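For reference, the structure is listed below as structure tokens.
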Amino acid sequence: MKFELTILGCGSAVPTLQRNAAAQVLNVLERYFLIDCGEGTQQQLRRFKVPYNKINHIFISHLHGDHFFGLIGLLSSFSLQNRRAELHIYSDKRLEEIIDFQLKVMNSRLNYPLIFHYLDREPGLIYEDRMMTVHAFPLKHRYEAPVTGFLFAEKEKERNIKREMTDAFRVPVAFMHRLKKGEDFITPEGDVIANSRLTTAPPAPRSYAYMTDTLFRESFAEYVQGVDLLYHESTYGNEFEELAKETFHSTAGQAARMAMLAEAKHLLLGHFSSRYPDPTPLLEQAREIFPNTDLCYDGAVFELPAVKRG
């Protein structure tokens with residue numbers, strides 16, 4: 001039951017030979033979600049062997065080119081490959097106008113349903129199925145490009161039945177669904193059998209948050225409190241804190257502070273400026289504040305294992 005993040009690109013505005021523009025794929029229980037779609041994303045999907053035809057939901061954080069210039073190419077390729085399944089895009093409403101205009105200029109059309117879900121500036125639920133949820137929340141970037149962060153989270157699973165114990169206490173089949181939800185069992189004689197004797201807890205639900213292109217604000221930590229894996233942009237090192245402020249970006253140290261404030265378990269740094277051919281100094285700066293930090297690189301895979309509970 002995978003919960004796995006693949007980095008397709010971790011560069012900032014200008015792609016380099018080492019780093020593609022921003023894009024990631026999150027696999028949650030074989031549900032594939034594309035997060036941002038910078039230039040060259042479809043080549044990266046192939047390079048890193050992502051089953052891109054299983055992508056049915058695309059989340060675009062904002063309308064700066066390094067986060068969506070690869071989208072029209074990917075949509076066109078889907079059509080050329082005779083895709084029929086619906087594709088859902090979560091974005092600023094202006095993206096639909098851009099895609100419509102591009103298709104019109106090319107005198108082209110897609111042969112599958114493309115469904116847009118507009119993001120606003122209010123935090124809230126934007127996707128849900130029986131296994132997981134996705135919440136959106138506002139970040140702070142340039143005024144012409146409102147930025148949205150995303151929190152992907154598994155739902156709490158039902159408890160697992162201990163068949164030998166339920167047989168021993170003659171628990172009726174009709175009561176099993178209540179056991180799975182955590183209820184104690186009361187025997188016909190009136191004895192209370194604790195749920196923990198009859199079931200085991202499921203693995204803890206896992207979560208991932210994506211925070212890109214934003215000024216550092218302590219208040220943003222409330223949106224991702226307790227997250228297992230946090231991706232936070234770190235375009236610059238701490239020595240460029242003023243430049244980060246001027247360009248509405250964050251430093252490695254600020255990303256680490258966000259992880260600490262949010263009580264995240266693991267921090268990933270990305271969206272590196274092209275001035276850093278080797279971003280190792282950013283990692284060192286972040287680890288001084290938040291030791292459990294790693295760098296993103298194109299092709300990196302970060303997996304959250306299922307953790308058993310008592």
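Qualifying chymotrypsin sites (Phe, Trp or Tyr not before Pro) in region 271-310, where qualification requires a DSSP coil assignment and no more than 14 other C-beta atoms within 10 Å, comprise 297.
Would you please calculate the Kirkwood hydrodynamic radius of region 1-100 over all C-alpha pairs and express it in Å, rounded to one decimal?
Details: mean 1/r = 0.0736 Å⁻¹.
For region 1-100, inverting the mean 1/r across all distinct Cα pairs yields 13.6 Å.
Each of 287, 47, 159 has its accessible area taken with a 1.4 Å probe; listed largest first, they run 47, 287, 159. Dividing the C-alpha radius of gyration of region 127-181 by 2.2 N^0.38 Å, with N its residue count, gives 2.06. Sorted from greatest to least, the principal axis extents spanned by the alpha carbons of region 148-266 come out as 72, 21, 19 Å. The distance between label points at residue 307 and residue 265 comes to 0.3 nm (points 7 Å beyond Cα on the Cα→Cβ vector). Within the chain, 37 have no other Cys Cβ under 4.7 Å of their Cβ and so lack a disulfide-compatible partner by this rule. The C-alpha atoms of the chain define a longest principal axis, and helix 71-80 lies at about 70 degrees to it. Just how far, in whole angstrom, is region 66-109 from region 210-242 if you go by their alpha carbon centroids? Rounded to whole Å, the Cα centres lie 29 Å apart. Backbone geometry of region 224-234 corresponds, through the Karplus equation with coefficients 6.51, -1.76 and 1.60 at θ = phi - 60°, to 3J(HN,Hα) couplings of 10, 4, x, 5, 6, 10, 10, 9, 9, 4, 9 Hz, x marking Gly and Pro. Computed from backbone phi with θ = phi - 60° and the Karplus coefficients 6.51, -1.76 and 1.60, the 3J(HN,Hα) list for region 118-126 is 7, 8, 10, 8, 9, x, x, 6, 10 Hz; x is used for glycine and proline. Between amide H atoms placed 1.01 Å from N, distances below 5 Å from residue 193 occur with 185, 186, 187, all of them 5 or more places distant or on a separate chain. Tell me the mean residue ellipticity at 222 nm calculated for the chain from its helices only (DSSP H runs of n ≥ 4, each -39500 (n - 2.57), averaged over every residue, nearest 500). So the helix-based figure for the chain works out to -6000 deg cm²/dmol. Sorted from longest to shortest, the spans of the Cα atoms of region 86-172 along the three principal axes equal 70, 36, 13 Å. When the solvent-accessible area of region 33-184 is split by element, carbon and sulfur atoms take up 51 percent of it, the probe being 1.4 Å. Starting from region 114-158, pick out the trypsin sites (Lys or Arg not before Pro) whose DSSP state is loop and whose Cβ has at most 14 other Cβ atoms within 10 Å. For trypsin sites (Lys or Arg not before Pro) across region 114-158 that sit outside H, G, I, E and B with at most 14 neighbouring Cβ atoms in 10 Å, the list reads 121, 130, 142, 155. The string of couplings for region 236-252 from the Karplus curve (6.51, -1.76, 1.60, θ = phi - 60°) is 10, x, 4, 5, 10, 4, 5, 5, 4, 5, 5, 9, 6, 10, 10, 9, 4 Hz, one whole number per residue in order, with x for Gly and Pro. The residues of the chain present an accessible area of 48 Å² per residue when probed at 1.4 Å with all protein chains retained. Counting only protein chain heavy atoms and rolling a 1.4 Å probe, the accessible areas of 117, 249 rank, largest first, as 117, 249.
P(r) tail for region 5-53: Cα pairs beyond 17 Å make up 26% of the total. Rolling a 1.4 Å probe over the protein chains gives residue 19 an accessible area of about 20 Å². Sites listed here are GluC sites (Glu not before Pro) in region 106-205 whose DSSP assignment is loop and whose Cβ has at most 16 other Cβ atoms within 10 Å: 144, 156, 158, 183, 189.
Among the listed values (1) 154; (2) 124; (3) 189, the one matching volume of the Cα convex hull per residue in Å³ as calculated from this structure is (1). Computed across region 209-286, the Kirkwood hydrodynamic radius from all distinct Cα-Cα pairs reaches 12.1 Å.
At 7 Å along the Cα-to-beta-carbon direction for both residue 142 and residue 219, put a label point, then send me their distance in nm to one decimal. With each label placed 7 Å out from Cα toward Cβ, I get 2.4 nm. Taking the average, over residues, of other Cβ atoms within 10 Å as the packing measure, peptides 211-217, 228-234, 175-181 rank 228-234, 211-217, 175-181 from highest down.
The values are calculated or read from the model by the stated rules, or taken from the named source; none is laboratory data. For clarity, every value in this text was computed on a predicted model and none was experimentally measured. A quick note on method: Cβ atoms are made from the backbone with ideal geometry, for glycine too, and the neighbour counts reach across all protein chains shown. What goes into the accessible areas is simple: the full protein's heavy atoms, side chains included, and nothing from ligands, DNA or RNA. Shrake-Rupley method; radii C 1.70, N 1.55, O 1.52, S 1.80 Å.
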